[in-house]
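Presented below is the structure to which this report refers.
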Amino acid sequence: MLIDSFINGGDTVVGAAAAARAAEDAGLDAVWCGEVNDDPFLALALGAAATDRVLLGTGILTAFSRSPMSVATTAHDLQRLSNGRFVLGLGSQIKAHIERRFGMAWGKPVARMREHIEAVRAVWRCWDEGETLDFRGDFYNLTLMTPTFHPPANPYGAPRIFVSAVGPKMTAMAGEVADGLFAHGFTTPAYLRDVTIPALGAKRPGFEVVCPAFVATGRDEEAAWKAADRTRAAIGFYGSTPAYREVLAHHGWDELHLELLRLTKAGRWADLPTAVPDDVLATFTAIVPFNGLRDELASRFGGVIDRVAIPLPADMDPDERSELIDSLRTLA
């Protein structure tokens, strides 16, 4: 199991270069950046210029807020800038955000995501292999590419594409057309084993499953549970979203979803964390001191995923960080 981390936080772009370099120096295998309140493309461009070895990926980029051409263009550039280390991780987001935050069209997300990926790859084949651009679909039509706008072929080939999925239909589609699955952080080991992996089907050679794990760790158990307060807030937020209800339902926690949803509709966002019980928190989160993290992750994900992406505490002593990462590497 490969060990990855994130570029995240309130100053994602400002701190991207330093965060990516620190991850590489620590011996991590990849750095992922999600689309929250910054553009992950920009952050990873800075990360690519500051590193030489780590994989760099969007985890995830919102596909439906962009045209396939714009995604293909920036991903093509990042693949060149990183010397072939870029992975394009795409996610659908949910209807409310696509329509009301981005002002874009929503509908048939699984079919739309499949076509978005096919369209992006058609653009890359045009640029890298000289294929005429003639993509015609139900959602996207790309039929014009003049010499002025035709970049040079990518010396590193096309980036790999990972798809983020929660439900079995999107997961199955990812297994059919993508190069990897970026499991949603709002998942549990049981949901991964019982729903995600069976829906994925037989993995093709080179296909990878990466899971951004909820981890709360510290020098002792008290510190780990204190760190879990941040994770409790994330679980409350995601658990209130109808699109993620099935993860809670898998554990018989339908009523918790309804309570969280009620709080959001009342505008009581600050109350979401307090509505998440300790047993739910512990099911979603590896709450464990530094010296137990390796065994906890092995218990949760061993034999199920290929890569685990975890946040490492910023205040860790450098020697302690190195020791922890060396321990985690034995997960392989």
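Nothing in this text is a laboratory measurement; each read-out follows from the coordinates by a stated rule. Here the structure is a predicted model, which is why all the values come from computation and not from measurement. Using ideal geometry, Cβ is built from the backbone for each residue, glycine included, and neighbour counts are taken over all protein chains shown.
Taking other Cβ atoms within 10 Å as a rough exposure proxy, Phe290, Phe207, Phe214, Phe162 sort from fewest to most as Phe207, Phe290, Phe214, Phe162.
From the alpha carbon centroid of segment 23-101 to that of segment 272-291 is 28 Å. Look at the alpha carbon pairs under 8 Å that are at least 6 residues apart: their mean separation over the length of the chain gives a relative contact order of 17 percent.
Under the rule a/c < 1.5 gives rounded, and otherwise a/b versus b/c splits prolate from oblate, where does segment 92-140 land using the Cα gyration tensor?
Working: a/c = 3.06, a/b = 2.58, b/c = 1.19.
Prolate shape, in that a/c is at least 1.5 and a/b is the bigger ratio.
Using only Cα atoms, tell me the angle between helix 221-239 and the longest principal axis of the chain; keep it within 0 to 90° and round to the nearest 10. Tilt of helix 221-239: around 50 degrees. Highest mobility in the GNM of the chain, judged by mean-square fluctuation with C-alpha springs under 10 Å and restricted to Pro40, Pro318, Pro289, is found for Pro318.
In this structure, the amide hydrogen of Phe6, modeled 1.01 Å from its nitrogen in the peptide plane, lies closer than 5 angstrom to those of Trp32, Leu312, counting only residues at least 5 positions away or on a different chain.
Placing +1 on each Lys and Arg Cβ and -1 on each Asp and Glu Cβ, with no other charges, gives the chain a dipole about its Cα centre of roughly 1080 debye.
Rg and Dmax, both from the Cα atoms of segment 180-237 and both in Å, are 14.6, 43. Among Ala105, Ala213, Ala183, determine the one that fluctuates most according to a GNM of the chain built with springs between C-alpha atoms less than 10 Å apart. Between Ala105, Ala213, Ala183, it is Ala105 that shows the largest mean-square fluctuation.
How would segment 220-285 be classified by its alpha-carbon gyration tensor: rounded, prolate or oblate, with rounded meaning a/c under 1.5 and the a/b versus b/c comparison settling the rest? Don't skip to the answer; put the middle values down first.
Numbers: a/c = 2.55, a/b = 1.44, b/c = 1.77.
Oblate, since a/c reaches 1.5 and b/c is not below a/b.
Under a 10 Å cutoff between Cα atoms, tell me which one of Met113, Met316, Met173 has the largest fluctuation in the Gaussian network model of the chain. Comparing Met113, Met316, Met173 in the GNM, the peak value goes to Met316.
Looking at segment 77-187, the DSSP beta bridges with both ends there are about 20 percent antiparallel. The residues neighbouring Val276, those whose beta-carbon lies less than 15 Å from its own, together hold a net charge of -2 under the Lys/Arg +1, Asp/Glu -1 convention. Estimated purely from DSSP H runs of n ≥ 4, each contributing -39500 (n - 2.57), the mean residue ellipticity at 222 nm for the chain is -13000 deg cm²/dmol once divided by its residues.
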